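**Student:** Before I ask anything, let me first share the structure, which is written out below as structure tokens.
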Amino acid sequence: MTQTTTDMGATTQRTTQATTPRSKHTLLVAGAGGLVGAAAAEHFATLPDWQVVAVSRRAPELPEGVRHVALDLTDAAACREAAKGLTHVTHVLFAALYEKPDLVGGWRDPEQMAVNLAMLRNLLDALEPTARGLRHITLMQGTKAYGAHVEPVPAPCKERWPRHPHENFYWLQEDLLRERQARAAWTFTVLRPQLVMGYAISSPMNVVAALGAYAAVQRELGEPLHFTGGVRYINGASDSRLIARAAEFAATHEVAANETYNVVNGDVLVWPDVWAAVARHFGMEPGEHKPLRLTDAMPQREAVWKRVVDRHGLRAFTLEGLVGSSWQFADRAFAYGATEPQHAFLSPIKLRQHGLADCFDTEDALIYWLERMQARRLLPR
């Protein structure tokens, strides 16, 4: 079985930061190396009375004071051993994710579903007997909950709809929580973002990294920023900072107990319409509409990328090491090969009505995260 994300692999527990004094709340972030997990660790680390424990396969870049535990969530014995040092955990954000190398194909793969279920079950089995003060679990889902990867869906997608009738590890994980919660002292909340924008290295679904690396290569080749996708369609996005705020809301408000919330910026995203802003950010011309399957084309540009790294003094990541399978995700996001629009937009209304009215401008968010990657010397200025 191939393991491709930052949430699996190592079985050794270690601490990379000195343990801070015991706080009122302790959040365990499972999948701390991903887009959502990294943003949550950063956000909660700034909050008074919160201590953060980051769980991932490898130690990601973490804010000061955040403790890291290296853990393979597929290893039940390793989870039980790690839980001996996690007795003070009061809240869990489960953002751990296993994806197959064939990203889109893996979304309907039974093994992928089974592995994602096992990771959550192993963590729960380990924590519940030891973390007696556990009060809340936040579970991440996404647009696939509405079947947008299966067929066209009505817009906007609403949490009150019945489950879309397709197999998905979302349902397996949610059913496990509902079964356990019926006899537990903790509650849970499901968050459903859409096309997450944030900071992560080698994430399987990081469209910011893919787009930034594509722009850098095009500029190095003296080319404009051609739009590589297909038909125009209306989409939405979620800034990972907003997801982190929603996780705080879910963890601290009784109204969120056992509820499901869409978490989206609040505006719409049409990729051809933000393309010019990305081009300006890199000092490029927008170019033409030239469909290109990035999954095939970009791995052939490693030598060009090496020139970019050397010229701009970037950190020594290959394209594969930086972007990973996000080329596949970018192709899907940009609708490469699509001839009919497949609009997908999640309603933000329920979360606002329950008390969190925060929002982000999606174009501004895209530029913000490109700048963050540039500041970390992952993309050229």
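**Student:** Hey, can you grab everything whose amide H is under 5 Å from the amide H of His68? Only 5+ residues off in sequence or another chain; H modelled, so Pro and N-termini drop out.
**Tutor:** Residues meeting the criterion, in which the H sits 1.01 Å from N, are Thr16, Gln17, Ala54.
**Student:** What percent does the relative contact order of the chain come to when contacts are Cα pairs within less than 8 Å and at least six residues apart? It would help to have the intermediate numbers written out before the result.
**Tutor:** Working: 806 pairs, mean separation 70.2, N = 381.
With pairs under 8 Å counted, the relative contact order is 18 percent.
**Student:** Moving to a separate point now. So what is the diffusion coefficient of the range 170-228 in µm² per second by Stokes-Einstein at 10 °C and 1.306 mPa s, using a Kirkwood Rh over Cα pairs?
**Tutor:** Value of D from the Cα-based Kirkwood radius: 105 µm²/s.
**Student:** Follow-up question, since we're still on this one. Straight-line reach from Lys350: which lysines have Cα under 25 Å away, leaving out those fewer than 8 places along the same chain?
**Tutor:** Cα-Cα hits under 25 Å: Lys144, Lys158.
**Student:** From the C-alpha coordinates alone, can you work out the Kirkwood hydrodynamic radius of the range 130-270, in Å? Intermediate results must be reported in sequence, preceding the final value.
**Tutor:** Details: mean 1/r = 0.0574 Å⁻¹.
Across the range 130-270, the inverse of the average 1/r is 17.4 Å.
**Student:** OK, next. Enumerate the whole-percent occupancy of each 10 Å bin, from 0 to the last occupied one, for all C-alpha pair distances of the chain.
**Tutor:** The percentages, shortest bin first, are 5, 24, 34, 25, 10, 1, 0.
**Student:** If you bin every alpha carbon distance in the range 303-381 into 5 Å steps from zero, what whole percent lands in each bin?
**Tutor:** Cα pair-distance distribution for the range 303-381, in percent: 3, 11, 13, 16, 17, 14, 12, 8, 4, 2, 0.
**Student:** May I pose another question? Whole-Hz Karplus ³J(HN,Hα) for the range 366-381, in order, using 6.51 cos²θ - 1.76 cosθ + 1.60 and θ = phi - 60°, x for Gly and Pro?
**Tutor:** Result, rounded to whole Hz: 4, 5, 4, 6, 4, 5, 4, 5, 5, 5, 8, 6, 9, 10, x, 5.
**Student:** Let me ask another. On average, how much area does the Cα convex hull of the range 35-101 cover when viewed from any direction, in nm²?
**Tutor:** Numbers: hull surface 20.2 nm².
Average projection, Cα convex hull of the range 35-101: 5.1 nm².
**Student:** Once you treat every alpha carbon in the range 124-213 as an equal point and sum by Debye, what is log10 I(q)/I(0) at q = 0.21, 0.22, 0.24 Å⁻¹?
**Tutor:** Log-scaled intensity ratios, in q order: -1.09, -1.12, -1.19.
**Student:** Amide H neighbours of Cys157 under 5 Å, counting only residues 5+ apart in sequence or on other chains, H built in-plane at 1.01 Å?
**Tutor:** Distant-sequence amide H within range of Cys157: Phe345, Leu346, Ser347.
**Student:** Take peptides 184-195, 164-175 and line them up by average Cβ neighbours within 10 Å, highest first, as a rough protection proxy. Numbers along the way, then the final one.
**Tutor:** Working: 184-195: 20.9, 164-175: 17.0.
Peptide ranking by packing, descending: 184-195, 164-175.
**Student:** Still on this structure: Rg to Rh ratio, the range 241-287, alpha-carbon atoms and Kirkwood radius? Could you put the intermediate results ahead of the total?
**Tutor:** Details: Rg = 17.2 Å, Rh = 13.6 Å.
Computed over Cα atoms, the ratio is 1.27.
**Student:** Using just the Cα positions, wrap the range 187-257 in a convex hull and report its mean projected area in square nanometres, one decimal place. Write down the numbers at each step before the final one.
**Tutor:** Values: hull surface 26.9 nm².
If I average the Cα hull's projected area over directions, I get 6.7 nm².
**Student:** Would you mind computing Rg(Cα) / (2.2 N^0.38 Å) for the range 157-199, counting N as its residues?
**Tutor:** Details: Rg = 13.0 Å, N = 43, 2.2 N^0.38 = 9.2 Å.
Here the Cα radius of gyration is 1.41 times the empirical estimate.
**Student:** Taking only DSSP H segments of four or more residues, each worth -39500 (n - 2.57), what value at 222 nm results for the chain once the sum is divided by all its residues, to the nearest 500 deg cm²/dmol?
**Tutor:** -10500 deg cm²/dmol
**Student:** To continue, here is another question. With no solvent and one equal point scatterer per Cα, compute the Debye intensity ratio I(q)/I(0) for the range 71-196 at 0.15 Å⁻¹ and report its log10, rounded to two decimals.
**Tutor:** Taken in order of the listed q values, log10 I(q)/I(0) reads -0.74.
**Student:** In addition: Return the loop-located trypsin sites (Lys or Arg not before Pro) in the range 175-207 (DSSP other than H, G, I, E, B) with at most 11 other Cβ atoms within 10 Å of their own Cβ; answer none if there are none.
**Tutor:** On the way: sites: Arg178, Arg180, Arg183; in loops: Arg183.
Of the trypsin sites (Lys or Arg not before Pro), the ones in loops of the range 175-207 whose Cβ has at most 11 other Cβ atoms within 10 Å are Arg183.
**Student:** Ok, one more. Work out how far the C-alpha atoms of the range 227-381 reach from end to end along every principal axis, then list the three figures in whole Å, largest first.
**Tutor:** The Cα atoms of the range 227-381 stretch 53, 38, 26 Å along the principal axes, largest first.
We did not get these values from a lab; they are worked out from the coordinates using the rules stated. It should be emphasised that the depicted structure is a prediction, and the values quoted were computed from it without experimental measurement. Cβ atoms come from the backbone with ideal geometry, glycine included; neighbour counts cover every protein chain shown.
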